[in-house]
Amino acid sequence: MIVIDKIKNYCGIGVLLASCAALTLNSCKENIDDSNLYTFTGEMMIDHLRDNPDFSSYYEILGRVHPSKRSSSTMHELLAARGNYTCFAPTNEAIDLYIDSLLTIGEVSSKEVSELPDSVAEYIVFNSIIDHGNNEAIASTEFDKAENYANMNDRYITFTYTNAEDGSTVIYANTNSKITEMDIEVENGYIHVIDKVLSPSKATVADLIEATPNLSFFGGLLEMTGWDDKLLVWRDDAYEDFEEAGEVISTKTGNSQYPEHRYLGFTVFVEPDSVYEANGINSVAELMTYLQNNAYYNEGTSYGEDYTNPENAVNQFVAYHILPELLTWNNMVIWSNEKGYFSGSPNDGTSFNVNVWEYYETLDPHRRSMKITGIRNGKRINRQSEYNLVTYRERNVNIEGVKINETNGENENYARNGYYFPIDEILLWTSDVPNKVLNERMRYDICSLLPELMTNGLRMNKTNGTDWVFKHDYFDNVLNMTDETVFNYLPNQGNAGSATTWLDYQTDEWNIQGVYDFTMKLPPVPYTGTYEIRYGINANGNRGMAQIYVGENPNNLAAYGIPLDLRLGGSSTMVNWQSDTSLGNEDAIMEKDKAMRNNGYMKGPAYFFPASGVPGRDCRDCLRRIVYTGRLEAGKTYYIRFKSVLDSSNTEFFFDYLELVPRTIYNGDISEDKY
């Protein structure tokens, strides 16, 4: 079953103790007061915590907690061993304050640390520690990277930067835990001292929004449309009983492991009350009038008072604000090996050398998507730009897009099952979204079609030095998979450093093994018309060969075209690849592109660089195969099936990305760009 947790009257939202103007992430790094930094001592983490009397309560609690259900050892043994841990250690005073808060609400009956319930002890410990596996622990200068790693309670830690009275920078973890001492370096990681126990909200994301004072209007919309009740789920409890969860298994590509959990999550974009007021909207009736006059919905949209009706305009409006996955600020868009990635600094998500973007399907049952673009000064929803075709930087911005804010001032925005992010204007599905913003080549990394990867912190996660395999029902968008099919996810190590050796879009891939046969749900199209579906290839002789099927009925899909052979590289006569440099002039390049298309192939995109200094277009075996051309209707659900045509179970089926391209782009008045 699915476990749910609904806290209608939740009000324990932490606030900052010191409220000052927030600095940008880069300026914070430059101005951090280094007087509270610690000198490396050469001891293990548990040694430092044991020998420092300020942590005696925390040390006692660590001795009671086991790292997992399957472990007989305690956290003492874990933190005494080799590894890479980031610990946000609460002082004795911090733990006393936390116990006092639990006494107030009746969750504990004694102030004694020794009498804390096991569940409370685990909550304190697991929220305070990140186990990085083979990746390095995080120093204060890289707190932005820490937001990409879940703690042992599978929750993310966020950081807020403020100015103290003396002008120095003060850093808070999860909004209200002040970091009083940073970078205590030990043999197996870093300790950062906090003045309050890390206590992330146990509320659902809907509860958190409804309890936040400056989000009262949208919170009311969630309740009256019934969407708050749809945002209850947070964990698949049936998966918790999966006997192989967490175990390492042997596969053709080496050791792999199953994820220990299957969490379910959401990301909600919310207009603060001030945005509605600025647009003259102070009631649901005024919002309905606004939607009727300004937004675009399908024929048959209801403008009545049954707000729970999926055809109701207000219901559709709310649904378009919600994504079915948990996205942190740093992983809304993936920066990895796009053009310019290797030429500048930083490459940590605080800025981008070129725009980076992702497409997401919202929870709107009419299957509507949004585009989130990472730009040099933030992130925007449904931005539409023209690009310089040499630098591929923005030349002209036609639609600015809705600005996403990382935080909501002093209000917590991270719930048990997701995040909400404030936005600076009303988010609408207007005619400009399908006809302009999404009327383009839409490139989907296969991972972006599997929301569970982000929600469970698996994207780009090689924490234990192994790859990932999955139960057949782990992904909602993958269905009809045979028992012989093994889905194996190969993430890049830490998404840093080794990207030059990964011939993939966004430097990760799927290696599907066995005599495979599986079906996936395709992303929605923005408007009805003719589209190409393209498949990204990294060809080599070990790859497999599959027949493609496309259609509306996942149980009865029609075969389309000749089989997709991933063994055929650019040197094959079928592809007959030649580099742009060897062709010499633009006319010859265009003729070669046309000849390749006639055989169903295209060169790889110039947008990403599978090797440093070498774009995908210049890689002989980084190709695109046009696997389908036909009419697709907006709002309908289509599926694609991949069935092995080889009897061998030793071949690898490489799966990296798909492109969904309208005819206006691949056969429009202006030639499709090479990116």
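If you check ASP100, ASP96, which single one turns out to be of a type in the set (D, E, K, R), exposed (fewer than 14 other Cβ atoms within 10 Å of the Cβ) and not in a loop (DSSP other than H, G, I, E, B)? Before you say what the answer is, go through the steps one by one.
Working: ASP96 fails: exposed (fewer than 14 other Cβ atoms within 10 Å of the Cβ).
On inspection, the qualifying residue turns out to be ASP100.
All conditions in (1) buried (at least 22 other Cβ atoms within 10 Å of the Cβ); (2) within 24 Å of TYR161 (Cβ to Cβ); (3) of a type in the set (Val, Ile, Thr) hold for THR407, with the sole exception of (1). Among the residues of region 375-386, those identified as closer than 21 Å to TYR360 by Cβ and either in a strand (DSSP E or B) or not assigned by TED's automatic domain parsing to the domain that holds ASN355 (or both) are ILE375, GLY378, LYS379, ARG380, ILE381, GLN384, SER385.
Out of VAL469, VAL402, which single residue is in contact (Cβ under 8 Å) with a residue 60 or more places away in the chain, in the same structural domain as THR251 (by TED's automatic domain parsing) and crowded, with 20+ Cβ neighbours inside 10 Å? Steps first, answer last, please.
Values: VAL469 fails: in the same structural domain as THR251 (by TED's automatic domain parsing).
One residue alone meets the criteria, VAL402.
The lone criterion from (1) of a type outside the set (Val, Ile, Thr); (2) touching a His at 6+ places or on another chain (Cβ under 7 Å); (3) more than 30 Å from ASN92 (Cβ to Cβ) left unmet by MET182 is number (3). Residues of region 502-524 that are hydroxyl-bearing (Ser, Thr, Tyr) and either part of a loop (DSSP other than H, G, I, E, B) or on the phi > 0 side of the Ramachandran plot (or both): THR507, TYR516. Here is the figure for region 254-313: residues that are assigned to a loop (DSSP other than H, G, I, E, B), touching a strand residue (DSSP E or B) at 6+ places or on another chain (Cβ under 6 Å) and among the polar types (S, T, N, Q) total 1. Restricting attention to region 610-625, the residues that are touching a residue at least 60 places away in the same chain (Cβ under 8 Å) and farther than 22 Å from ASN477 by Cβ add up to 10.
Of the conditions (1) surrounded by 15 or more Cβ atoms within 10 Å (Cβ to Cβ); (2) closer than 21 Å to ASP183 by Cβ; (3) touching a residue at least 60 places away in the same chain (Cβ under 8 Å); (4) in contact with a Lys or Arg (Cβ under 9 Å, 6 or more places away or on another chain), THR86 clears all except one; give me its number. Condition not satisfied by THR86: (4).
Across region 609-641, the number of residues qualifying as crowded, with 21+ Cβ neighbours inside 10 Å, farther than 30 Å from ASN298 by Cβ and in contact with a Phe, Trp or Tyr (Cβ under 6 Å, 6 or more places away or on another chain) comes to 4. The combined condition, being in a helix (DSSP H, G or I), at pLDDT below 95 and not hydrophobic (A, V, I, L, M, F, W, C), is not fulfilled by SER72. Filtered by the rule that a residue be modelled with pLDDT of 90 or more and out of contact with any strand residue (DSSP E or B) (no Cβ under 8 Å at 6 or more places or on another chain), region 315-330 gives ASN315, GLN316, PHE317, VAL318, ALA319.
Only one of the numbered conditions (1) part of a helix (DSSP H, G or I); (2) farther than 23 Å from LYS674 by Cα; (3) of a type outside the set (Val, Ile, Thr) is not met by TYR527, and that is (1).
When residues of region 279-304 are filtered for being acidic (Asp, Glu) and modelled with pLDDT of 95 or more, how many remain?
Quick first cut of region 279-304, residues acidic (Asp, Glu) only: 286, 299.
Next, from what is left, pick out any that are modelled with pLDDT of 95 or more: 286.
Total meeting the criteria: 1.
Looking across region 146-195 at every residue that is charged (D, E, K, R) and farther than 24 Å from ASN405 by Cβ, the one that is nearest to the chain's Cα centre (by Cα) is identified as ASP154.
Do the conditions hold for SER110, that is, is it small (Gly, Ala, Ser), farther than 27 Å from PHE242 by Cβ and in contact with a Lys or Arg (Cβ under 9 Å, 6 or more places away or on another chain)?
When the stated conditions are applied, SER110 does not pass them.
Residue by residue, here is whether (1) modelled with pLDDT under 95; (2) over 22 Å from GLU659 (Cα atoms) holds:
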| position | (1), (2) |
| --- | --- |
| ALA313 | no, yes |
| TRP335 | yes, no |
| TYR341 | yes, no |
| THR350 | yes, yes |
| TYR360 | no, no |
| ARG368 | no, no |
| LYS371 | no, no |
| GLU386 | no, no |
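The values are calculated or read from the model by the stated rules, or taken from the named source; none is laboratory data. Please read all numbers here as calculations on a predicted model, not as lab measurements. For neighbour counting, all protein chains shown are included, and Cβ atoms are generated from backbone atoms with ideal geometry for every residue, glycine included.
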